[in-house]
Amino acid sequence: MYVIKVKGVAKIPDYVQLRDEAFTLLAYFRVDRPDKSLEKIGLGHKAAYIMQVVQDMPFGQIKKIDV
């Protein structure tokens, strides 16, 4: 799975994209509100790990994670 952290501009908040190995979009959520999106795709139990990775990432980079 790939994580992309996107910097918002003006009134648009920062977002996170989760993509699979084929780079298909699995989830797109605000950095401060990941819960519903992660639960919806079955990764609610991995939310703490995913959000720790997101917090440590700079904006605009892609990181591969194993979940």
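Local charge sum around L26 (other residues, Cβ-Cβ under 9 Å, Lys/Arg +1, Asp/Glu -1)?
0
In percent, how large is the relative contact order of the chain, given Cα pairs closer than 8 Å and 6 or more residues apart?
For the chain, the relative contact order is 38 percent.
Could you pull out every residue, at least 5 positions away or on a different chain, whose amide H is within less than 5 Å of the one on V31? Hs are placed 1.01 Å off N in the peptide plane, and Pro or chain starts have none.
D14, Y15, V16
Quick one: how many lysine pairs does the chain have with C-alpha atoms less than 19 Å apart and a gap of 8 or more or different chains? Give me the count, please.
So the count of such lysine pairs works out to 9.
Calculate one ³J(HN,Hα) per residue across the stretch 55-67 by plugging θ = phi - 60° into the Karplus curve 6.51 cos²θ - 1.76 cosθ + 1.60, and present them in order as whole Hz with x for glycine and proline.
3J(HN,Hα) across the stretch 55-67, in whole Hz: 4, 7, 7, x, 5, x, 10, 10, 10, 8, 10, 10, 10.
Report the charge-dipole magnitude of the stretch 2-64 in Debye, nearest 20, computed about the Cα centre from +1 at each Lys and Arg Cβ and -1 at each Asp and Glu Cβ.
140 debye
Quick one: how many Å² of Y15 are accessible to a 1.4 Å probe, rounded to 10?
Here the accessible area works out near 50 Å².
Using the heavy atoms of the protein chains alone and a 1.4 angstrom probe, what is the accessible area of the chain per residue in square angstrom?
On a per-residue basis, 67 Å².
Counting other Cβ atoms within 10 Å of each Cβ, which trypsin sites (Lys or Arg not before Pro) in the chain have at most 15 and sit in a DSSP loop?
Answer by residue number: K7, K11.
The values are calculated or read from the model by the stated rules, or taken from the named source; none is laboratory data. The structure presented is a predicted model; accordingly, all values stated were derived computationally and were not measured. Using ideal geometry, Cβ is built from the backbone for each residue, glycine included, and neighbour counts are taken over all protein chains shown. Protein only, heavy atoms only, side chains kept; ligands, DNA and RNA dropped before computing areas. Shrake-Rupley method; radii C 1.70, N 1.55, O 1.52, S 1.80 Å.
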